[in-house]
Amino acid sequence: MVNKFYKNKKVLVTGATGFKGAWLCAWLLKLGAKVYGTGFNPNQNKNLFYKLSLQKKINLKIFDIRDYKKLSNFVNTSKPSIIFHLAAQPLIYESYQKPLLTFEVNCIGTLNILEITKNFKFIKSLVSITSDKCYENKGWTRGYKENDVLGGVDPYSASKASSELIIRAYRESFFNDKENRGVSSARAGNVIGGGDWSIKRLIPDCIRALRKGSPINLRNPNFNRPWQFVMEPLKGYLILAKKQFENPFKYSTAWNFGNKSKSVITVSQIVEYIINYWGSGKLKKMSKNRVYEQENLQLNSLKANKLLKWKPTYNIKQSVKVTTEWYYKVLKLKKKPSEVTNNQIENYMYENKWS
């Protein structure tokens, strides 16, 4: 059982102060893990991490993931047996503003964690998180599979495709049959959930507009996205890390963690759901965005369904509902973020029979 596996395990989460990192840390603590984390001060999403008081519950070090020496020293001191590598520059929009930074953080950060994993034998399982945007855009409406061609036109997507190549090179070159350690990459779709405050990202932009009573401006209202609640891919990461810890040769590869069937809908439909759950708001469609983004992007998760027994729990309406409820309860009902977050984790675990 996954819920028993993590009890007292030493787990390192890079990018712990980010949106997904904070949710993962909170979940690991609930599973009884001894959690260590790295963070970066300019992170715009660190607000959730500190609102959940996670800095008091995990061993956290703040430094740049590109600093090999600091990262290596922290790993050697904490000696985790499992690592989830989430530290990244995660925004397409910002990758146009800061392309060099994006490539450095996403590629060198991945290189550093792989090199350290190679050097320290106590690390048994590494799950490195990339993105569904690592695939070469063929304009397909069918889901992309793990063996499809990697690529990327925008700097963010290209950096993630590059990270995938780096991961594969290390796995094939250094983690062979003589190494009883697992190294894998995980690709997920557009993740939504409470506590995300990134700029130029749909849900946070919607919530900011709703709070101000302003119209919600959409730059690409007809784009389709594979929306999923934040705990869906995190569940996949947790299952994968356990599986390859126990059987690295079978599970060390690339994995898709996509959305539930029929959860690929337009941006404008998502906003209409949010407005409905919030109880007020207006939608305004803007002129076409000049920044390149893929119009249609879907993942085929059959491999994870079959081999990991992983599948999404929530459909798109449920995902939007629990996400909007998080913001509504915290911002309008003045409930503690930690209370709302822990309740959502507990409910999700109960529905997945992990509690």
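The values are calculated or read from the model by the stated rules, or taken from the named source; none is laboratory data. Bear in mind the structure is a predicted one, so any value in this text is a computation, not a measurement. Note: ideal-geometry Cβ built from the backbone for every residue, glycine included; neighbour counts use all protein chains shown. Remember, those area values only see protein heavy atoms, side chains included, never the ligands or the DNA or RNA. Shrake-Rupley method; radii C 1.70, N 1.55, O 1.52, S 1.80 Å.
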* In sequence order, calculated HN-Hα J values of the stretch 193-203 (Karplus, 6.51, -1.76, 1.60; Hz; x Gly/Pro) -> x, x, x, 7, 10, 5, 7, 6, 10, 4, 4
* Kindly report the accessible area of the chain per residue (heavy atoms of protein chains, probe 1.4 Å, no ligands, DNA or RNA), in Å². => 44 Å²
* Gaussian network model of the chain, Cα within-10 Å springs - most flexible of PHE40, PHE122, PHE19 -> PHE122
* To do: Add +1 for every Lys or Arg and -1 for every Asp or Glu among the other residues with Cβ under 12 Å from the Cβ of SER280, and state the total.
  => +4
* To do: Name the long-range amide H neighbours of ILE192: under 5 Å, sequence gap of 5 or more, or other chain; modelled H, no Pro or chain starts.
  => GLN228, PHE229, VAL230
* Leaving ligands, DNA and RNA out of it, report the carbon-plus-sulfur percent of the accessible area of the chain at a 1.4 Å probe. => 49 percent
* Ratio of Rg to Rh over the stretch 169-222 (Cα coordinates, Kirkwood Rh, two decimals) -> 1.34
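May I ask for the net charge around LEU333, where only other residues with Cβ less than 12 Å from the Cβ of LEU333 are counted and Lys, Arg are +1 while Asp, Glu are -1?
+3
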* **FRET efficiency, 1/(1 + (r/R0)^6) with R0 45 Å, evaluated for THR77 and LEU302 via beta carbons** => 0.65
* Determine ³J(HN,Hα), in whole Hz, for all residues of the stretch 61-71 in sequence, where each value follows from phi through the Karplus function 6.51 cos²θ - 1.76 cosθ + 1.60 and θ = phi - 60°; x replaces Gly and Pro. => 10, 9, 6, 6, 4, 7, 7, 4, 4, 5, 5
* In square nanometres, what is one fourth of the surface area of the convex hull spanned by the alpha carbons of the stretch 37-141? -> 8.4 nm²
* the chain: most fluctuating residue of THR77, THR130, THR117 per GNM, C-alpha cutoff 10 Å -> THR77
* May I ask you to give the average projected area over all directions of the convex hull of the Cα atoms of the chain, in nm² rounded to one decimal? => 16.0 nm²
* Cβ-Cβ FRET estimate between ASN222 and GLU115, R0 fixed at 41 Å, reported to 0.05 -> 0.45
* Asked: Roughly how many nanometres apart are two label points built 7 Å out from the Cα toward the Cβ at GLU339 and LYS317?
  -> 2.9 nm
* Per residue convex hull volume, Cα atoms of the stretch 128-265, in Å³ -> 126 Å³
